[in-house]
1. Counting other C-beta atoms within 10 Å, and keeping those with at most 15, which DSSP coil trypsin sites (Lys or Arg not before Pro) do you find in region 1-109?
2. Between Asp15 and Met91, how many nm apart are label points set 7 Å from Cα along the C-beta direction?
3. Please identify the chymotrypsin sites (Phe, Trp or Tyr not before Pro) of region 40-102 that satisfy two criteria: DSSP loop assignment and at most 13 other Cβ atoms within 10 Å. Which are they?
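Read-outs throughout are calculated quantities, based only on the coordinates presented, and are distinct from any laboratory measurement. As the structure is a prediction and not an experimental result, all values here were calculated from the model. FYI the Cβ positions are ideal-geometry reconstructions off the backbone, even for glycines, and counts take in every protein chain you see.
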Amino acid sequence: MAENTNSAVNLLPGDPQLIALIVEHLKNRGLFDEFRRDCLADVDTKPAYQNLRQKVDNFVANHLSTQDWSPSINKNQVRNGLRQSVVQSGMLESGVDRIITQTRKRMGRQIQSLRPTSKMPPAAMPLRKHNKVPCDPDG
């Protein structure tokens with residue numbers, strides 16, 4: 001990342017190249033996998049997840065109860081029809097947004113704990129082009 005830090009100096013916050021460099025750095029340190037693991041472990045404890053799961057379970061049960069069952073039923077067709085109905089209902093999109101909102105708060109605190117400190121070597125702290133101070137993701 002030392003050579004990447006030099007190339008990051010000329011990039012502004014939000015630049016896709018800077019984001020790619022940060023993600024690469026997180027992956028190289030194993031932090032990306034740690035974030036993903038912690039996030040997924042935390043998701044199923046959130047009320048938004050539990051609510052969405054209940055809604056989807058009820059939707060699926062209702063949908064399947066309207067199907068005419070026979071030994072010759074095309075299960076792939078039923079599965080695809082169910083999938084399309086769930087997506088078209090919009091419940092996934094709004095439910096996932098709520099889950100992200102609830103989970104983001106915790107993940108934000110974890111990310112804040114990784115912010116550069118004055119104890120870090122200068123090469124480890126990405127610099128902004130305009131004022132040459134360590135990057136602050138908040139602005």
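1. Arg29
2. Output for this residue pair reads 4.5 nm.
3. Qualifying residues, ordered by number: Trp69.
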